[in-house]
Amino acid sequence: MPQTQRAAAKPTTTKPRETLAHFPLLRSLDAKIIARLDTQCGWRHRGPKEWIIEHDEPSADVYFLTAGSVRALIHASADRDVILADLQAGQFFGEMAAIDGKPRSSSILALTQSTLAAMPASVFRDLLHTQPDVNEQVLQLLVARVRSLNQRIHEFSTLHVKQRICAELLRNSRPDPSTPHQAIITPPPPHAEIAARVSTGREMVVREFKVLERAGLLMRRRGALVLTDVPRLMQELKDRG
């Protein structure tokens, strides 16, 4: 009698456990505390272009981004946004409302498919009160944010649009290891995104890019922008004329 063949076993997929275990903010907590926090959070999934938080809403949860990327922004007008920051997996946001109980100071938009843990404000505040390392990291984050905002206020009040665009390009570039004095931005940001970061219009960014290209300071490469002379661009920031 011929032997019957077993049906090939179907591969099984296991959904990754949703956990806060890998967040730098919680690095000092033991596994039991992390496991308890995991159960105290509400886990949420958002797709690209979905809003997570709206400006001025009264919610107070703190969001831990376990996967994806999101953007913090303010609607300056019906057709103009001001971009505050982009956040990646491993970072968190929403702590200001959890600390002072006031409405949200900005909106948060998902840029990619994102997974988030929504931690109640009471749980987050208890962490600050009972975990010195967590408290210290949050203080350092808030100080860094104030310094960054001070820098942006300085740029908006003392630099012309051209200089603000140069500052934004330099801030988001990395050195080109193959060529001294050059830097690369990849992927190249859309003109509208740069405009939203430096408080100007898209048309002004397009115009200044052309000026920089004609001056030999900016070059387009597939998948990247190349800053061809970083010292000269830095000099542009010193030129108030």
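What follows draws every value from the coordinates through simple rules; no lab data is involved. Remember, predicted model here, so these are calculated numbers, not experimental data. We place every Cβ from the backbone using ideal geometry, glycine too, and count neighbours over all the protein chains shown.
Taking the criterion of being β-branched (V, I, T) and crowded, with 19+ Cβ neighbours inside 10 Å, the only residue of segment 201-225 that qualifies is V205.
For segment 32-42, check the following and say yes or no: at least one residue is under 21 Å from the mean Cα position of the chain (by Cα) and touching a residue at least 12 places away in the same chain (Cβ under 8 Å). No, segment 32-42 contains no residue that is under 21 Å from the mean Cα position of the chain (by Cα) and touching a residue at least 12 places away in the same chain (Cβ under 8 Å). Confirm whether V138 is among the β-branched types (V, I, T) and under 15 Å from C41 (Cβ atoms). No: the conditions fail for V138.
Condition check for L84 on (1) touching a Lys or Arg at 6+ places or on another chain (Cβ under 9 Å); (2) on the phi > 0 side of the Ramachandran plot: one failure, at (2). Is it the case, given these coordinates, that Q88 is touching a Pro at 6+ places or on another chain (Cβ under 8 Å), of a type outside the set (A, V, I, L, M, F, W, C), surrounded by fewer than 17 Cβ atoms within 10 Å (Cβ to Cβ) and over 15 Å from C41 (Cβ atoms)? No.
Scanning segment 150-190 for residues that are out of contact with any strand residue (DSSP E or B) (no Cβ under 9 Å at 6 or more places or on another chain), of a type in the set (S, T, Y) and either surrounded by 18 or more Cβ atoms within 10 Å (Cβ to Cβ) or in contact (Cβ under 8 Å) with a residue 12 or more places away in the chain (or both) yields one hit, T158. If only residues of segment 103-115 that are free of Cβ contacts under 8 Å to residues at least 60 places away in the same chain and not charged (D, E, K, R) are counted, the one that is farthest from K49 (Cα to Cα) is P103. In this structure, is A118 touching a residue at least 24 places away in the same chain (Cβ under 8 Å), within 22 Å of L25 (Cα to Cα) and surrounded by 12 or more Cβ atoms within 10 Å (Cβ to Cβ)? It is true that A118 is touching a residue at least 24 places away in the same chain (Cβ under 8 Å), within 22 Å of L25 (Cα to Cα) and surrounded by 12 or more Cβ atoms within 10 Å (Cβ to Cβ).
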